[in-house]
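Written out below as structure tokens is the structure these notes cover.
All of the numbers you see were taken from the coordinates with simple rules; none came from a lab. Source: prediction; values computed, not measured.
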Amino acid sequence: TEALKQISKEIDGSNLACVIERAGYKNSKVIVGKLGDLINQDFGKTPHSIIIPGELHFAEKEAIEQL
């Protein structure tokens with residue numbers, strides 16, 4: 001949450017963001033949404049990975065929508 005707040009100071013809150021909770025663990029979870037909507041969300045146990053993608057290809061957009 002703190003990292004997302006810091007990032008939101010530099011980029012627009014309407015940008016897409018992906019947060020991966022406990023990447024590499026059996027119970028990992030991917031949360032996708034607008035940066036501004038994710039700031040106050042609880043992502044559970046650490047570690048977390050944050051991905052802020054650039055412009056997406058239509059196939060990438062479709063894949064993200066499946067999440």
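Points to keep in mind about this one:
- When you restrict to C-alpha pairs under 8 Å that are six or more residues apart and normalise by the size of the chain, the relative contact order lands at 36 percent.
- Cα-only radius of gyration and Dmax that characterise the chain, units Å: 12.0, 33
- Taking every lysine pair in the chain that is 8 or more places apart or spans two chains, those with Cα atoms closer than 15 Å amount to 5.
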